[in-house]
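The values are calculated or read from the model by the stated rules, or taken from the named source; none is laboratory data. The shown structure was predicted, so the numbers you read here are calculated from the model rather than taken from an experiment. Note: ideal-geometry Cβ built from the backbone for every residue, glycine included; neighbour counts use all protein chains shown.
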Amino acid sequence: MAYELKSRPRRAVNPRAASGEAQRARTRALIIENAIPIFARYGPDSPVIDDFVKAAGVSRGTFYNYFKTTRDLLDATLAALSDEFIASIVPVVRHEANPVFRFATAARLFYRRAALNPIFRTFLGSVSGVGTVAPLHARADLEEAMAKGMIKVTEIELAEAVAFGVMVFALRSSHVESGGVERADQVVGVILDGLGVEPALARAALKLELPAAEA
């Protein structure tokens with residue numbers, strides 16, 4: 001006996017539900033957008049929930065619908081900013097086979113774009129972080145470089161400390177705006193040196209042509 005498989009009819013999209021989700025997304029984005037200059041100015045620990053409520057023009061109840069603590073908001077804000085930067089960088093380096101070249105190119109682009117965006121740069125410096133997506137991609141590149149003997153540091157946590165520590169503190173410096181493009185290469189060069197990359201390989205990585213930097 002043959003049986004026919006009948007697909008279940010698709011549920012119609014509820015316009016009210018779709019509209020509600022869109023409104024929630026807008027409200028969440030509004031809170032994050034207004035949190036950026038507050039964190040940039042006062043750092044990660046000093047602001048309180050009332051600061052963000054007032055800046056975004058929402059109630060405390062609305063705030064708590066999205067974030068339970070200021071730390072939750074900080075994490076979301078850092079992810080929204082930094083991860084967007086990384087999403088634009090990944091396609092540029094995806095097809096590079098050499099992990100050191102891939103890592104160095106991504107780091108140079110990250111620094112340049114952060115340098116051109118003063119609010120983002122100040123925010124990164126004040127919270128001492130680079131988001132969640134950047135470490136994932138960097139760790140993969142660093143681990144591959146370790147496996148291939150291209151860097152001398154053999155502990156991934158130490159390699160990440162070198163890479164992100166230099167990047168964050170370099171972006172805090174008063175020389176960011178005056179240093180221009182050359183400073184991006186200098187900063188990444190320091191990172192490569194700290195990781196123990198052979199000088200010739202580091203120089204080759206820093207000579208790779210980059211696309212035009214965008215804020």
*From A163, A147, A134, grab the single residue that is surrounded by 19 or more Cβ atoms within 10 Å (Cβ to Cβ) and at pLDDT 90 or above.*
A163
*For residues that are under 17 Å from the mean Cα position of the chain (by Cα) and of a type in the set (V, I, T), tally how many sit in the range 136-191.*
4
*What residue, of E177, E182, E160, is over 23 Å from L81 (Cα atoms) and of a type outside the set (K, R)?*
E182
*Counting just the residues of the range 38-55 that are in contact with a Phe, Trp or Tyr (Cβ under 8 Å, 6 or more places away or on another chain) and under 18 Å from F120 (Cα atoms), which one comes out modelled with the highest pLDDT?*
F52
*Pair list, Cβ under 7 Å, 6 or more apart: the range 42-61 residue more than 17 Å from D75 (Cβ to Cβ), other residue part of a loop (DSSP other than H, G, I, E, B)*: V53/S59
*asked:* Restricting to the range 153-175, name every residue that is in contact with a Leu (Cβ under 7 Å, 6 or more places away or on another chain) and in a loop (DSSP other than H, G, I, E, B).
replied: V153
*Report yes if A184 is out of contact with any Pro (no Cβ under 9 Å at 6 or more places or on another chain) and crowded, with 21+ Cβ neighbours inside 10 Å, otherwise no.*
yes
